[in-house]
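This report concerns only the one structure given below.
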Amino acid sequence: MIARAQLGRIGEAMAARHLESRGLAVVARNWRPRQRGQWGELDLVALDGGVLVVCEVKARRGTGAGHPLEALTVEKVARLRRLAGAFVAEAAGRTVEGTPIEGVRVDAIAVAWPDGGGRAEIEHVEAVG
């Protein structure tokens, strides 16, 4: 049985590969703000052209806890938007890796092993909030 933290790391790695396979450039993983008073973490940060994509990853084994994306609340999406602003501010203003930021999008990726093991299913929902 895979430990919960390890399951999360595996899910995030699979989600990053999924984003890259769709042409996005992953620029940060497990990013935390340096500024005092800011808290939280961005699982994945990617660029989709000039759009900064903040991606929340939810990994689940089995179906007992419900669908992974059911854990994504309005409050969580608002926190992700706030953290995206902090990320842009820390990344020298309105550019990230030399790319001008034209907008911010919050996506969610569910990585689920419905039968508790075997092949994972990946569901990517763009612009969740």
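The values are calculated or read from the model by the stated rules, or taken from the named source; none is laboratory data. Remember, it's a predicted structure, so these values are computed and weren't measured experimentally. FYI the Cβ positions are ideal-geometry reconstructions off the backbone, even for glycines, and counts take in every protein chain you see.
For segment 106-123, a residue qualifies if it is under 12 Å from ALA59 (Cα atoms) and either basic (Lys, Arg) or part of a strand (DSSP E or B) (or both), and the qualifying residues are ALA108, ILE109, ALA110, VAL111, ALA112, TRP113, GLU121, ILE122, GLU123. Checked against the criterion of being aromatic (Phe, Trp, Tyr), modelled with pLDDT under 95 and farther than 15 Å from LEU7 by Cβ, the candidates TRP39, TRP113 yield just one match: TRP39.
A search for C-beta distances below 6 Å between a residue of segment 54-73 that is outside any strand (DSSP E or B) and any residue that is modelled with pLDDT under 80, counting only pairs 6+ apart in sequence or on different chains, returns GLY62/GLY116; THR63/PRO114. Residue selection: LEU47 satisfies the criterion of being at pLDDT 95 or above and in a strand (DSSP E or B).
Scanning segment 24-43 for residues that are in a strand (DSSP E or B) and either without any contact (Cβ under 8 Å) to a residue 40 or more places away in the chain or of a type outside the set (A, V, I, L, M) (or both) yields VAL26, ARG29, ASN30, TRP31, ASP43. Being in contact with a helix residue (DSSP H, G or I) (Cβ under 9 Å, 6 or more places away or on another chain) and not hydroxyl-bearing (Ser, Thr, Tyr) is a description that applies to LEU42. As a summary of the residue check, SER21 satisfies the conditions (1) loosely packed, with under 13 Cβ neighbours inside 10 Å; (2) touching a residue at least 24 places away in the same chain (Cβ under 8 Å); (3) among the polar types (S, T, N, Q) except for the one numbered (2). Summed over segment 68-110, residues that are surrounded by 14 or more Cβ atoms within 10 Å (Cβ to Cβ), out of contact with any strand residue (DSSP E or B) (no Cβ under 7 Å at 6 or more places or on another chain) and at pLDDT below 80 total 1.
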